[in-house]
Amino acid sequence: MSAVSADDAEESRYGDAGRVAAAGLSLAPFRGLRYDPQQVSSLAAVTSPPYDVVDADGRLRLETGDPHNVVRLILPRPQPTPESGYRHAAYLLAAWQRKGVLTADPDPALYVYEQRTPAENGTAGTLQRGLIGALAVSGAQAGVVLPHEDVMPRPVADRVGLMRTTKANLEPILLTYRGDGSAADVIERAAEGPPLLTTTTSDGTTHRLWAVTDPGDQAVVSKDLSTCRALIADGHHRWAMYLRLQREHRYLAQSPWDRGLVLLVDTARYPLRVRAIHRVLLQLPVKQALSALDDSWTVSDAGGGTLDSALAALEAAKDAGLNAFVITGDGRFRLVTGPDAATLDAAVPADRPEEYRRLDATVLHSVLLDRVWKVPDNPDHIGYLHDAAAAVREAEQIGGTAVLLHPVAEGVVRRLAEQGVTMPRKSTSFGPKPATGLVLRSLLLG
């Protein structure tokens with residue numbers, strides 16, 4: 001399914017309050033819902049990664065770490081159905097507000113959000129700052145917010161059910177833009193003052209939040225953003241959720257459903273990291289995967305037999321302009337390059353942009369998964385992992401095949417999105433991703 005389906009064509013015309021979307025981004029202040037530090041064990045203990053990167057063990061760890069962890073809202077346990085889980089999340093959200101665990105800020109604000117990640121594996125830490133606000137929702141055809149990946153119907157329906165029931169934006173999605181620098185200047189001035197909150201999560205990332213309530217500063221931000229468009233870096237399914245719920249409520253004037261919670265980062269000032277998302281073929285052993293490859297593929301040992309050397313060989317192959325993958329799961333690492341031009345032409349339409357046709361994710365899904373291995377793209381057959389070592393471990397444990405990919409450059413992602421071309425889902429991982437739970441948006445507060 002495309003990130004914006006044919007059924008969504010009508011809704012793509014609509015922006016703020018059901019009117020035709022403006023030429024650029026429109027970010028509105030809102031009264032944030034935030035945890036009272038006196039009511040919880042710590043702010044770090046009630047935050048969570050985005051819902052789609054929390055596995056079963058992680059959810060249990062977050063749930064037991066503090067009874068008010070936001071994971072209980074974003075990933076409610078079905079009781080016994082998903083709909084009853086949504087109702088339980090809505091009950092918790094209301095109960096936590098009644099008890100003062102979550103309180104609404106007195107004034108509408110744009111929120112400056114800062115993340116400082118620690119150095120790791122010999123690389124320097126990163127500093128990322130952006131603006132959290134309520135963004136006017138518009139579809140891809142409006143050309144204001146650009147998706148770059150496809151979405152799947154099931155997770156969109158799940159997020160729609162949760163938001164419809166809770167009447168809240170529980171976590172911001174991550175978007176990038178390139179402004180004239182004036183909004184970024186407002187961000188940096190705000191960061192010179194005392195923050196609303198500071199906390200350090202278990203991964204070592206320090207998070208800080210400031211409120212921008214001055215009308216003059218908000219006007220500067222609005223002017224800068226009005227000439228910009230944004231790329232969805234992380235949160236395609238939640239953006240599709242915003243579109244669907246906006247469509248459901250478009251009969252309302254000045255509807256809160258016309259906006260959605262986002263974190264906007266100016267990558268001219270704060271470049272994001274782009275990482276690959278690896279695949280684990282759950283029911284395909286390595287031996288079978290390799291034996292299915294024909295002469296259009298070249299298979300060789302990947303470096304010195306370690307994950308680091310295999311990833312280095314993968315990077316070298318990419319630098320040489322090849323489509324390349326590392327295949328492992330049996331204790332060995334193989335570098336697979338290809339296919340030949342005839343195989344690619346048979347699998348990928350020639351009318352697509354060449355950058356799209358040569359994406360590793362395109363080759364993997366259109367050639368290897370669909371034609372060579374005949375692996376369906378569903379959770380019973382393919383797992384998606386952001387960490388290469390975790391993908392290798394899982395493949396070895398279950399006897400499957402890990403397919404390791406090299407990240408796509410942000411410029412390629414943006415160029416394709418500007419042409420209206422969506423990549424195969426889970427093609428990229430932009431980061432650092434915003435923590436969930438630092439600020440929420442209740443639609444009941446406007």
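Some notes on this structure:
- Pairs where the first residue, in segment 264-284, is within 30 Å of LEU110 (Cα to Cα) and hydroxyl-bearing (Ser, Thr, Tyr) and the second is assigned to a strand (DSSP E or B) and open to solvent by less than 20 Å² (accessible area, probe 1.4 Å), C-beta under 8 Å, 6+ apart: THR267/THR176; THR267/TYR177; TYR270/GLN128; TYR270/GLY130
- Restricting LEU416, LEU438, LEU335, LEU344 to those that are surrounded by fewer than 20 Cβ atoms within 10 Å (Cβ to Cβ) and either of a type in the set (A, V, I, L, M) or part of a strand (DSSP E or B) (or both) reduces the list to LEU344.
- Sub-7 Å Cβ pairs linking a first residue in segment 222-250 that is touching a residue at least 40 places away in the same chain (Cβ under 8 Å) and under 25 Å from ASP180 (Cβ atoms) to a second residue that is open to solvent by less than 20 Å² (accessible area, probe 1.4 Å) and assigned to a helix (DSSP H, G or I), at least 6 apart or interchain, are ASP224/ALA183; LEU225/ALA183; LEU231/VAL413; LEU231/ALA417; ILE232/TRP239, ordered by first then second residue.
- Test: residue in segment 115-130 that is at pLDDT 95 or above and hydrophobic (A, V, I, L, M, F, W, C): no
- Helices (runs of 4 or more DSSP H) completely within segment 1-113 that count 3 or more residues being modelled with pLDDT of 95 or more and loosely packed, with under 14 Cβ neighbours inside 10 Å: 82-98
- Pairs, first on the phi > 0 side of the Ramachandran plot in segment 289-314, second open to solvent by 40 Å² or more (accessible area, probe 1.4 Å) and not β-branched (Val, Ile, Thr), C-beta under 8 Å, six or more apart: GLY303/ALA312; GLY305/ARG332
- Residue among VAL421, VAL392 that alone is in a loop (DSSP other than H, G, I, E, B), touching a residue at least 60 places away in the same chain (Cβ under 8 Å) and open to solvent by less than 30 Å² (accessible area, probe 1.4 Å): VAL421
- Checked against the criteria, GLN218 does not count as out of contact with any Cys (no Cβ under 8 Å at 6 or more places or on another chain) and either at pLDDT below 95 or aliphatic (A, V, I, L, M) (or both).
- Single residue of segment 168-180 satisfying the filter (in contact with an Asp or Glu (Cβ under 8 Å, 6 or more places away or on another chain) and either of a type in the set (S, T, N, Q) or open to solvent by 10 Å² or more (accessible area, probe 1.4 Å) (or both)) that is farthest from ARG247 (Cα to Cα): ASP180
- In segment 181-194, residue most open to solvent (accessible area, probe 1.4 Å) [restricted to those that are out of contact with any Asp or Glu (no Cβ under 8 Å at 6 or more places or on another chain) and in a loop (DSSP other than H, G, I, E, B)]: GLU192
- Condition met for THR165 (assigned to a strand (DSSP E or B) and open to solvent by 10 Å² or more (accessible area, probe 1.4 Å)): no
- In segment 315-324, the residues that are assigned to a loop (DSSP other than H, G, I, E, B) and under 26 Å from the mean Cα position of the chain (by Cα): ASN323
- Of all residues in segment 407-446, exactly one satisfies the criterion of being of a type in the set (Val, Ile, Thr), modelled with pLDDT of 95 or more and in contact with a helix residue (DSSP H, G or I) (Cβ under 7 Å, 6 or more places away or on another chain), namely THR436.
The values are calculated or read from the model by the stated rules, or taken from the named source; none is laboratory data. A quick note: this is a predicted structure, and the numbers were derived from the prediction, not measured. Because the Cβ atoms are built from the backbone with ideal geometry, glycine has one as well, and the counts that use them run over all protein chains shown. Ligands, DNA and RNA are stripped out before the accessible areas are found, and what is left, the full protein with its side chains, is counted by its heavy atoms. Shrake-Rupley method; radii C 1.70, N 1.55, O 1.52, S 1.80 Å.
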